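Okay, so here's the structure we're looking at.
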Amino acid sequence: MDDCIFCKIAAGDVPASIVKQDDLVVAFEDINPQAPIHIQIIPRKHIPSVLELDSAQVDILARMVETANEIARERGLDERGFRLVFNCGPEAGQTVPHLHLHLLGGRAMSWPPG
Ligand code: 5GP
Ligand code: ZN
């Protein structure tokens with residue numbers, strides 16, 4: 001989609017620190033990290049939010065989670081723990097309307113979230 005920053009990152013048209021990528025997903029370092037490890041996992045396909053996900057996209061969702069798990073293991077977060085977050089819509093603080101899974105780790109986190 002034109003004018004979507006995450007589509008541009010996925011296409012390589014906007015630079016990002018890419019952690020992993022394959023045919024379905026791209027993972028890259030967040031530009032404004034909220035934890036020592038803060039990575040975005042996005043589908044290459046433009047999907048506006050988690051609300052648009054259903055069983056037809058189960059391959060994409062599974063790959064996003066698999067990729068997050070691989071990165072978590074590689075960074076030693078499997079033992080320490082980590083958080084996966086989909087923000088959806090204004091009250092959740094979604095600012096980029098292209099589906100993204102936040103992988104956050106490397107510090108203790110509180111609950112409930114702010
Ligand atoms: P949201 O608030 O929509 O759940 O999360 C969007 C995330 O994308 C934020 O954590 C923000 O820092 C990150 N982000 C926004 N624009 C860019 C960008 O151009 N490059 C990178 N690497 N991250 C971005
Ligand atoms: Zn997009």
By how many degrees, 0 to 90 and rounded to 10, does the Cα axis of helix 58-74 deviate from the longest principal axis of the chain?
40 degrees
Using Cα centres only, tell me the gap between the range 2-29 and the range 71-114 in whole Å.
18 Å
Residue-averaged [θ]222 nm for the chain, counting only DSSP H segments that reach four residues, each worth -39500 (n - 2.57):
-7000 deg cm²/dmol
Between Glu91 and Glu52, how high is the FRET efficiency from 1/(1 + (r/R0)^6) when r is the Cβ-Cβ distance and R₀ = 22 Å? Nearest 0.05.
0.80
Go through the chain and flag any cysteine with no other cysteine's C-beta closer than 4.7 Å, please.
Cys88
Quick one: P(r) of the chain from all Cα-Cα pairs, 5 Å bins, percents rounded to integers, in order of increasing distance.
2, 12, 23, 25, 21, 13, 4, 1
If amide hydrogens are placed 1.01 Å from N in the peptide plane, which non-local residues have theirs closer than 5 Å to the one on Ile47?
Leu99
Long-range amide H contacts for Cys4: which residues qualify at under 5 Å (H placed 1.01 Å from N, peptide plane, sequence gap of 5 or more or a different chain)?
none
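No value in this document is a laboratory result; all are computed from the given coordinates. Small disclaimer: the values here were computed from a predicted structure and weren't measured. Positions of Cβ are generated from backbone atoms using ideal geometry, with glycine treated the same way; all protein chains shown enter the neighbour counts.
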